[in-house]
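Remarks on the structure that follows.
The values are calculated or read from the model by the stated rules, or taken from the named source; none is laboratory data. None of the values given here were measured: they were computed from a predicted structure. Because the Cβ atoms are built from the backbone with ideal geometry, glycine has one as well, and the counts that use them run over all protein chains shown.
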Ligand code: XIL
């Protein structure tokens, strides 16, 4: 027994969860977040649309609330996220190339300066890849070309030299075309001397899609480049209704994912994308799916909790 974080710490890792501001008046939820986890990631409060909804008008209120929670609990924070194609206001997307590059640098430096020294790691660039491993044809790529990625990391290092700088994506958890693309991208950045410290593997898994191919080996090849790695957004969804066979598969996936991190020295920790089904992002993002997290809608721990606990 004992909370997840103490087990993870004994293995030299952290274990964290995403949190959002709509959870902040739910005392039982906050009590579990406090006791179980050593690290928090704001699920939405540090995204561009939350922080700079109109140009050069910054609103840090929600982000500050998450930072205060983490500080009260003695938890580290992964900042999420600076440069992404989603949840980024139209005003950014409509800028011409020169103005867009300036806006990107200004956003990175303003947000990182604000929290300098208080953020353990930043997801500087989020989800830059297509499923085939090529670069996603986002407005960033269209307007700025692939140099937007190196540029973002250079601006980030200049803004807060104490934060670990991550690139983060989904469906890169196992060996395959998309993770090969990430490997090529990151190798190129390192060759060019771009300041990057880590690769985040989101770990949005689904019972019906199988477990990622050789996840530990995949994490290890990035670690072998001299980088930290982390599982940054772990959840294991299923098509509803749940049944005993889906639950068994879910438990296997949770065990395998946690073991993949434990098996890699440079894997620093595992962050779950929420603790309970009560505030899950899954039903709205994937209609008909759910039951993805460690506790249920009523905050009762599920088998998934015990599996993770006993694996750590
Ligand atoms: C999700 C949030 O959890 C939702 O509340 C929001 O509506 C959409 O974004 N990959 C990421 C996260 O990097 O930022 C996403 O978070 C989940 C997928």
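Key figures for this structure:
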{"read-out": "Residue within region 222-239 that is farther than 24 Å from residue 163 by Cα, within 16 Å of the ligand (Cβ to nearest atom), surrounded by fewer than 21 Cβ atoms within 10 Å (Cβ to Cβ) and in contact (Cβ under 8 Å) with a residue 40 or more places away in the chain present", "value": "no"}
{"read-out": "Test: residue in region 153-170 that is within 16 Å of the ligand (Cβ to nearest atom) and either more than 20 Å from the chain's Cα centre (by Cα) or closer than 19 Å to residue 58 by Cα (or both)", "value": "no"}
{"read-out": "Matching residues in region 1-35 - criterion: being under 17 Å from residue 300 (Cα atoms) and under 18 Å from the mean Cα position of the chain (by Cα)", "value": "17, 33"}
{"read-out": "Residue list for region 73-96, restricted to those being in contact with a helix residue (DSSP H, G or I) (Cβ under 8 Å, 6 or more places away or on another chain), away from the ligand (no atom under 16 Å from the Cβ) and more than 30 Å from residue 5 (Cα to Cα)", "value": "92, 93, 95, 96"}
{"read-out": "Some residue of region 268-275 being within 15 Å of the ligand (Cβ to nearest atom), more than 30 Å from residue 186 (Cα to Cα) and either in a loop (DSSP other than H, G, I, E, B) or in contact (Cβ under 8 Å) with a residue 24 or more places away in the chain (or both)", "value": "yes"}
{"read-out": "Some residue of region 218-228 being touching a strand residue (DSSP E or B) at 6+ places or on another chain (Cβ under 6 Å) and closer than 24 Å to residue 109 by Cβ", "value": "yes"}
{"read-out": "Check on residue 246, modelled with pLDDT of 95 or more and under 21 Å from residue 209 (Cα atoms)", "value": "yes"}
{"read-out": "Qualifying residue in region 52-59 (condition: within 16 Å of the ligand (Cβ to nearest atom) and part of a helix (DSSP H, G or I))", "value": "no"}
{"read-out": "Any chance residue 70 is more than 16 Å from the ligand (Cβ to nearest atom), out of contact with any helix residue (DSSP H, G or I) (no Cβ under 7 Å at 6 or more places or on another chain) and within 21 Å of residue 124 (Cβ to Cβ)", "value": "yes"}
{"read-out": "Residue match in region 64-72 (condition: crowded, with 17+ Cβ neighbours inside 10 Å, under 15 Å from the mean Cα position of the chain (by Cα) and at negative phi)", "value": "no"}
{"read-out": "Residue 62 away from the ligand (no atom under 15 Å from the Cβ), at pLDDT 95 or above, closer than 23 Å to residue 232 by Cα and touching a helix residue (DSSP H, G or I) at 6+ places or on another chain (Cβ under 8 Å)", "value": "no"}
{"read-out": "Test set (1) within 20 Å of residue 36 (Cα to Cα); (2) surrounded by 19 or more Cβ atoms within 10 Å (Cβ to Cβ); (3) within 16 Å of the ligand (Cβ to nearest atom) - residue 279 fails condition number", "value": "(2)"}
{"read-out": "Conditions (1) buried (at least 16 other Cβ atoms within 10 Å of the Cβ); (2) farther than 25 Å from residue 271 by Cα; (3) in contact with a strand residue (DSSP E or B) (Cβ under 7 Å, 6 or more places away or on another chain); number of the one not met by residue 120", "value": "(2)"}
{"read-out": "Subset tally (residues that are in a helix (DSSP H, G or I), surrounded by 21 or more Cβ atoms within 10 Å (Cβ to Cβ) and away from the ligand (no atom under 16 Å from the Cβ)) for region 33-47", "value": "1"}
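For (1) surrounded by fewer than 24 Cβ atoms within 10 Å (Cβ to Cβ); (2) within 16 Å of the ligand (Cβ to nearest atom); (3) touching a residue at least 40 places away in the same chain (Cβ under 8 Å), each residue gets a yes or a no:
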position	(1), (2), (3)
214	yes, no, yes
250	no, no, yes
284	yes, yes, no
292	no, yes, yes
